[in-house]
Every structure is written in structure tokens, then in C-alpha cells.
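In what follows, a structure is listed as C-alpha cells, so that the remarks can point back to it.
The values are calculated or read from the model by the stated rules, or taken from the named source; none is laboratory data. Just so we're clear, the structure is a prediction, and the values are computed from it rather than from any experiment. A quick note on method: Cβ atoms are made from the backbone with ideal geometry, for glycine too, and the neighbour counts reach across all protein chains shown.
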Amino acid sequence: MAGLPNPRQEADLLVSHVIKATRLQLYLHLEDIVTARACKRARQFFVQRATGLPLQYLLGLQEFWGLEFVVTPDVLIPRPETEILVEEVIRWVKNRPLTGGHPLVDLGTGSGCIAIALAKSLPGVQILATDISGNALAIARRNARRLGVDQQITFVKGDLFEPLKKLGVGQVDVILSNPPYIPADELQTLAPEVKDHEPRIALEGGPDGLDICRRIIQEAPGYLLFGGVLMMEIGWKQAKPLRAWIHQQALPWELEFKKDLSGIERVMILKNTKR
């Protein structure tokens with residue numbers, strides 16, 4: 001696994017995963033608990049990791065919001081910066097009671113990490129989570145069951161707002177999304193473990209990265225109550241073109257952006273001003 005930033009640490013994690021032991025147990029009882037079969041399996045993992053398969057996919061887990069999520073190559077690996085979106089939704093909901101009976105809507109839920117983090121943080125709040133990938137939804141449902149919030153979240157297959165139309169959901173207070181926003185020509189500049197292994201459908205957002213973002217922004221007013229909000233994660237340098245485009249379209253939005261710890265405008269918050 002030469003060339004990886006932390007090869008010893010990753011090797012320890014993979015061996016510990018194979019033998020289902022902690023790293024401390026591994027160090028204290030190496031000869032007693034590492035069998036020949038475990039060594040063979042660990043070597044297979046080392047080869048896969050050396051070819052670029054993300055460590056999270058090999059372990060099958062990734063931490064987000066202090067919770068442990070199952071991840072497979074069917075879903076995007078949750079990133080720390082996405083927690084800013086969760087924080088902003090929680091802040092909004094706590095400052096303004098939701099209209100009775102209306103769920104939060106999570107478009108493109110993937111692993112379910114955002115919806116589940118919100119459900120854990122907002123007991124009693126119902127969430128409708130959609131995704132176009134049936135395989136991703138299977139992982140999201142599994143995570144919701146593991147983390148005890150499956151009664152709070154309804155998972156529905158479909159493209160963006162399509163499930164809302166089918167279910168006749170009507171207007172809601174909050175719509176949120178972490179859509180694909182990587183420009184197509186930048187995809188090949190990403191780290192191999194991202195561009196070669198994570199689902200392209202969850203990464204690429206068209207020529208400028210904003211195809212899906214614009215679709216959501218255009219359609220969202222029809223599903224938001226007056227004063228309701230659309231919150232979306234966006235990419236580096238995308239706040240300026242989005243601001244200009246929204247102004248040109250004369251869309252009914254009051255607009256603001258929230259920065260991440262690196263000072264990048266990471267979350268776009270749009271308040272519906274149309275009655």
C-alpha cells in the first residue's frame with residue numbers, strides 16, 4: 001500500500017476489520033487472533049486498497065455526524081463538509097416550527113446520511129428522502145434501521161421531485177439536497193479513488209456542474225410554502241454563477257450562502273418569497 005498517506009494505520013484498520021477486533025487487541029494478541037485465513041483475506045484487501053478502492057468501501061463504514069453509516073460503491077462516501085448543511089437545517093427548524101404534517105424533503109439521499117442525521121437530531125420530525133438509484137435507497141434504508149430512525153423517514157425511488165408528484169405531497173417547509181455538482185471536465189482531475197470508484201451519478205453535474213442545481217432551484221418554488229427554504233450544498237466557486245443566474249431568472253428567492261471552515265461558500269439557502 002505504498003503511496004497512501006497513512007499506510008500503517010490503514011493496514012491496521014483493515015486487519016482489525018477482517019478479524020473483528022480493535023486495534024489494541026490486534027497489537028496485544030496478534031499471533032493468537034490472526035489466522036492464516038484472516039491473513040489471506042487481509043492481503044486481498046491490501047491489493048484492492050493499493051489499486052485505489054476507498055478505505056471506506058473496504059471497511060463498509062463511514063462516520064458522519066457522529067454516527068456510523070454503511071457505505072458501498074452504490075453511494076457517495078459522506079464528507080465532513082456536508083455536516084454544514086445538516087447544521088443549517090437544524091438551526092432553521094428549531095427557530096421556526098414546521099407546518100403540521102409536512103415532512104422535510106431530502107432530494108438525492110444516497111446513503112441517507114443527511115436525512116438520518118436530521119432524524120436523530122430532530123426527534124418527531126418526518127422526512128421524505130428520494131433517490132433515483134434503487135441500490136442507494138437499499139443502503140439508506142439499511143442505515144435508517146441500524147440507527148433506529150426508520151419510522152421517521154420514508155424512502156421513495158424517483159428523480160428529484162418526481163416522487164413528490166406521485167405521492168401528492170403538496171407544499172412543504174424545507175427542501176434540502178446535496179446534488180452532484182462536479183463539472184464534467186473536472187471529474188478526471190479528482191483523486192483516482194473518487195473518480196474511479198464513487199458513483200459518477202452522484203458526482204457529475206454537467207458542463208459547469210450546475211445542471212442538477214438549476215433544475216432543483218427552478219422546480220422548488222412549486223413545492224415550498226411561503227417562507228419555506230431550499231438548502232443545497234454547492235461546490236467551490238459556484239456561489240457567484242448561481243447568484244447571477246437566479247437574478248437573471250427573476251426567481252422568487254431570498255438568497256444567502258453559508259461558508260465552510262475553509263471559507264468556501266458551501267451551502268446555499270433560498271427562501272421562497274412567493275405567496
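Take the range 29-85 and flag every residue that is in contact with a helix residue (DSSP H, G or I) (Cβ under 7 Å, 6 or more places away or on another chain), over 16 Å from residue 109 (Cβ atoms) and at pLDDT 95 or above.
Hit for the range 29-85 is 73, nothing else.
State the number of residues belonging to the range 174-206 that are assigned to a loop (DSSP other than H, G, I, E, B) and either among the small types (Gly, Ala, Ser) or within 15 Å of residue 129 (Cα to Cα) (or both).
Here is the first cut: in the range 174-206, the residues assigned to a loop (DSSP other than H, G, I, E, B) are 178-181, 183, 190-191, 196-199, 203, 205-206.
After this cut, where a residue has to be either among the small types (Gly, Ala, Ser) or within 15 Å of residue 129 (Cα to Cα) (or both) as well, the list is 178-179, 191, 205-206.
So the answer is 5.
Here's a check for you: in the range 62-81, which residue that is among the β-branched types (Val, Ile, Thr) and touching a Phe, Trp or Tyr at 6+ places or on another chain (Cβ under 7 Å) is surrounded by the most Cβ atoms within 10 Å (Cβ to Cβ)?
71
Does residue 203 satisfy the condition of being touching a residue at least 24 places away in the same chain (Cβ under 8 Å) and assigned by TED's automatic domain parsing to the domain that holds residue 236?
So residue 203 passes the test.
Between residues in the range 209-220 that are closer than 17 Å to residue 248 by Cβ and residues that are part of a helix (DSSP H, G or I), which pairs lie under 8 Å by C-beta distance while being six or more apart or on different chains?
210/241; 210/242; 210/245; 213/242; 214/245; 217/242; 217/246; 218/249
Is one or more of the residues making up the range 125-132 among the small types (Gly, Ala, Ser) and over 14 Å from the mean Cα position of the chain (by Cα)?
For the range 125-132, residues among the small types (Gly, Ala, Ser) and over 14 Å from the mean Cα position of the chain (by Cα): absent.
What pairs come up if the first residue lies in the range 178-195 and is assigned by TED's automatic domain parsing to the domain that holds residue 235 and surrounded by 13 or more Cβ atoms within 10 Å (Cβ to Cβ), the second is among the charged types (D, E, K, R) and part of a loop (DSSP other than H, G, I, E, B), and their beta carbons are under 7 Å apart, counting only those six or more places apart or on different chains?
Cβ pairs passing all conditions: 183/208.
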